[in-house]
Amino acid sequence: MQPHNALAIKVLGILVALSLASCHTTPKEPEKTEAEKIVDAFKGKVDADLKDKRSTKDVWPQTGSQYYEAGWYMEKDELPSSYSINVEKTESLVSPYLGTAEFSVTGNTSYAKNSKEEALDATQFKNSYTIVHRLLYAYQNGSWVLKSEKCFEYDGTEEGHVWGGCDRDSHGAHRPVMDAMR
């Protein structure tokens, strides 16, 4: 065999080996964009903030009225496992991004009980209702900061449902979900 042919066969063999080896490597995932990183960080913040608030109980005494029987009531509030989010870029230098998370809080109210302990142990509920909550965050100094919480509910003085403060009642799904807002 001539030296040129032998060299050509060796080079060809090396190229074939390299091409086969490169076919079996897993492709790298593309680097995330700045926007994808911001959205991922927002999802992580909301998940962390809502983690311990998925199910809560609230107990209170109620004096009798034409609407309520006197006694102790318990409300069990449930947050869904998922929620909707939106992240918007702003022109602000202080808060270059704003993020919102919306979710429903379902409140289940017990029948009147004779004591606080009985109310806490309630397993049957007389009614259930849902209030939509909206959390507003601002991206400041590299992290997401909770700025406000609003509730969407019926307001007889306005035209139907409006976004307002989550402080209509001192208990239940009407209250803010986030401790910082209470």
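The values are calculated or read from the model by the stated rules, or taken from the named source; none is laboratory data. Being a predicted model, the structure only gives us computed values, none of them experimental. No Cβ is skipped: glycine too gets one built from the backbone with ideal geometry, and neighbour counts run over all protein chains shown.
Tabulated results
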{"item": "Lone unmet requirement of (1) over 19 Å from LYS147 (Cα atoms); (2) touching an Asp or Glu at 6+ places or on another chain (Cβ under 8 Å); (3) not charged (D, E, K, R) for LEU98", "result": "(1)"}
{"item": "Pick from the stretch 126-156, criterion assigned to a strand (DSSP E or B) and farther than 24 Å from SER82 by Cα, ranking: nearest to the chain's Cα centre (by Cα)", "result": "GLN140"}
{"item": "Residue that is assigned to a loop (DSSP other than H, G, I, E, B) and without any contact (Cβ under 8 Å) to a residue 60 or more places away in the chain, where the choices are THR100, THR123", "result": "THR123"}
{"item": "Meets criteria (closer than 27 Å to PHE152 by Cβ, of a type outside the set (Val, Ile, Thr), assigned to a strand (DSSP E or B) and touching a His at 6+ places or on another chain (Cβ under 9 Å)) for GLU88", "result": "no"}
{"item": "The stretch 39-82 - residue that is buried (at least 17 other Cβ atoms within 10 Å of the Cβ) and aromatic (Phe, Trp, Tyr) and, of those, farthest from ARG175 (Cα to Cα)", "result": "PHE42"}
{"item": "Complete set of residues in the stretch 60-85 that are assigned to a loop (DSSP other than H, G, I, E, B) and either of a type in the set (S, T, N, Q) or touching a residue at least 60 places away in the same chain (Cβ under 8 Å) (or both)", "result": "THR63, SER65, GLN66, LEU79, SER81, SER82"}
{"item": "Single unsatisfied condition, TYR139 versus (1) farther than 23 Å from VAL59 by Cβ; (2) modelled with pLDDT under 95", "result": "(2)"}
{"item": "Criterion: within 30 Å of ASN141 (Cβ to Cβ), charged (D, E, K, R) and at pLDDT 90 or above - qualifying residue of GLU75, GLU88", "result": "GLU88"}
{"item": "Single residue of LYS32, LYS43, LYS57 found to be among the basic types (Lys, Arg) and either modelled with pLDDT under 85 or in a helix (DSSP H, G or I) (or both)", "result": "LYS43"}
{"item": "Residues of the stretch 96-119 classified as under 17 Å from LYS76 (Cβ atoms) and either among the charged types (D, E, K, R) or surrounded by fewer than 14 Cβ atoms within 10 Å (Cβ to Cβ) (or both), total", "result": "4"}
